[in-house]
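Novice: Okay, here's the structure, questions in a sec.
Values quoted throughout were computed directly from the atomic coordinates according to the rules given, and no laboratory measurement underlies them. Keep in mind that this is a model prediction, so the values were computed, not measured. Backbone-built Cβ (ideal geometry, glycine too); neighbour counts: all protein chains shown.
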Amino acid sequence: MSTDIHIEEPSTASADSAVAAQRAVAAFQARYGRAPDVCWGAPGRVNLIGEHTDYNDGFVLPFALPHRTVVAASARDDGLLNLTTVGSDGRPQVAEPVRVDELAPGQVTGWAAYPAGVAWVLREEGVPLGGADLVICGDVPTGAGLSSSAALECATALSLLDLAGRPVDAAGEAERPDLTLIARWAQRAENDFVGAPTGVLDQTASLCCTAAHVLFLDVRSGEQIQVPFDTAAHGLRLLVIDTRTRHAHSESGYGERRRGCVAAAEALRVGSLREVTRDGLDAATARLPEELRPLLRHVVTENARVESVVESLRAGRLDTIGPLLTASHESLRDDYRVSSTELDLVVDAALAAGALGARMTGGGFGGSAIALIRSAAQAEIEESIIAAFDERGLAHPRFFMALPSAGAGREEPSTD
Ligand code: GAF
C-alpha cells in the first residue's frame, strides 16, 4: 500500500541494519541527550508471488529485504508520545506530541499515523503503555510497494512492547505476545487507525520471514512454512526494479478490488474466495455477474500458482518458476487490473532481454516489479529496461538485487 512516510530513500539501495540502528541511536542521542532504552528494527518485503490473495484468505510467499526501519525508544512517565523521523540527510521531522490515553482514529495523519496507530492498538489490547519518545530511521524505499509502512508499524510495536515489559525475545515470559498476533495488531493499526484496508501479508512478512527463505503463509489457517530460496546456488538473481511511480488512484483502486472480492464471495455464498477450488472455478464463474468474474479468476489461479512455486522450490527446481511469475503478472494486469504502464514496460523489457520470469510485486498501481534472471545477464537486462523507458521518455527506474534477509528483531547498533 502506498504511504507518505517521511523516511528518505538512500541514493543507492544498499542496506545495513547495524548502520541504520547506529543512525537511529545517534539521532535519539542528539534529540534527547541520552541513549535510548531499546532499539528494534523491521524490514520491508518483496512478495515473490501470491498477490491480492491475503484478504481472500489465500496463500502468499514473501521474503524480507535487507532494508529496515529502526525505532530507538525510551519510556516516559507523563503519558506523552513523541515521534521523530530522521531522513538520510540527518534532517529530523517532529510530529505534534499526542497523549497515549487520548489517541483515537483520525486524530493523527501522515507518517506519524502509523506509529501512533500501533500505540493505539496496544493500548486497546491492554498493554500497559505510559508515554514514549521514539526516533525512527530507515532505508526501506517508500512508496515503492516494498512495505515501508508495515516495517514502521512492526518496529514500533516491538519497541513499545519492550518498553512495556513484554519483549518478544524474553524466554519463558508467559505474557509474551507471539509474532503472528503482533502482525494482526499492526494490520489493525493500518486498517482502523490509518484507514488503509490492507491484508496481513506485509506485517507477517516483516515479522516472521527468515534469512535465505521465502515464507509460505496460508492466511486462513495461519500455517507458516519457511521454504529455502537460494538463487545464487542456481546461478540466478532476483532483481527488484522500482519504477518510482505511484498512481493517484492506488488507494481507491485497492479498496475497490477488495470490495469486489467480498461481493463475489457473498454472491457465491462462501466465506472468502479462497473456498473456490481450481476445479470449481468454471461453475463458480458462471454464477457471478460479468464484472466480478476476472477477480475470482485471478484469486483462484494465483493461489494455485503459489502452490506450484512452493512445490518447485521444495523440489530444488528454482530455475523453473519463471513462467509462473510471469503468469501472475498477466493475471494481475488483465484480470485484476492493478498493473501500470511502467510495470508492464519493465516486465516486457525484462522478458525480452532474457529474464526467466517477471512480475509486479505488492499492491500495484505503480511501485516495483521483480525479475528472476541469470546472474550473468543482469547488466544487459537493466540496460534493456532503461532503453525501453528512454524510448517512452519516462524517468529511469531504480534497480537492486534482493537477498532474502532476516525478519524483525532487536538491533545492535554498529560501534564503528
Ligand atoms: C499491499 C497490502 F498491504 C497487502 O496486504 C496485500 O494485499 C498486497 O498489497 C497485495 O498482495 O501490499
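Novice: Mind listing which trypsin sites (Lys or Arg not before Pro) in the range 16-94 are in a DSSP loop and have 13 or fewer other Cβ atoms within 10 Å?
Specialist: Those satisfying the criteria are Arg34.
Novice: Counting Lys and Arg as +1 and Asp and Glu as -1, what is the net charge of the other residues whose Cβ lies under 14 Å from the Cβ of Pro97?
Specialist: In short, -2.
Novice: Under the definition of Cα pairs under 8 Å and six or more residues apart, what whole-number percent is the relative contact order of the range 12-226?
Specialist: Normalised by residue count, the contact order of the range 12-226 is 27 percent.
Novice: Would you be so kind as to identify which of Leu217, Leu207, Gly407 lies farthest towards the positive end of the dipole of the chain, taking Lys and Arg as +1 and Asp and Glu as -1 on Cβ and the Cα centre as origin?
Specialist: Of the options given, the answer is Leu217.
Novice: Among residues other than Val347 whose Cβ falls under 11 Å from its Cβ, what is the net charge (Lys/Arg +1, Asp/Glu -1)?
Specialist: Residues close to Val347 contribute a combined charge of -2.
Novice: Let me ask another. With point charges of +1 on the Cβ of Lys and Arg and -1 on the Cβ of Asp and Glu, referenced to the Cα centre of the chain, which listed residue (Ile49, Gly138, Gly110) lies farthest in the positive direction of the dipole?
Specialist: About the Cα centre, the residue reaching furthest to the positive side is Ile49.
Novice: Say R0 is 30 Å: what FRET efficiency, to the nearest 0.05, do Glu124 and Glu96 get from their beta-carbon distance?
Specialist: The value I calculate is 0.90.
Novice: Let me have the 222 nm mean residue ellipticity of the chain computed from DSSP H runs of 4+ only, each contributing -39500 (n - 2.57), with the sum over all residues rounded to the nearest 500.
Specialist: Rounded to the nearest 500, the figure is -11500 deg cm²/dmol.
Novice: Rounded to the nearest 0.05, what FRET efficiency do His247 and Ser221 give with R0 = 35 Å and r taken as the Cβ-Cβ distance? Could you check?
Specialist: 0.55
Novice: Here's a follow-up. Towards the positive end of the charge dipole of the range 230-401, with charges on Cβ (+1 Lys, Arg; -1 Asp, Glu), say which of Gly280, Ile241, Ala377 has the farthest Cα.
Specialist: Among Gly280, Ile241, Ala377, the one farthest towards the positive end of the dipole of the range 230-401 is Gly280.
Novice: Now, a different point. On a C-alpha basis, how far is the centre of the range 138-158 from the centre of the range 332-406 in Å? Whole number, if you could?
Specialist: 22
Novice: Using a/c under 1.5 as the rounded threshold, could you call the chain rounded, prolate or oblate? The axes a ≥ b ≥ c are square roots of the C-alpha gyration tensor eigenvalues, and prolate needs a/b larger than b/c, oblate otherwise.
Specialist: Prolate shape, in that a/c is at least 1.5 and a/b is the bigger ratio.
Novice: Summing +1 for each Lys or Arg and -1 for each Asp or Glu, what net charge is found among the other residues whose Cβ lies under 12 Å from the Cβ of Cys154?
Specialist: Local charge sum for Cys154: 0.
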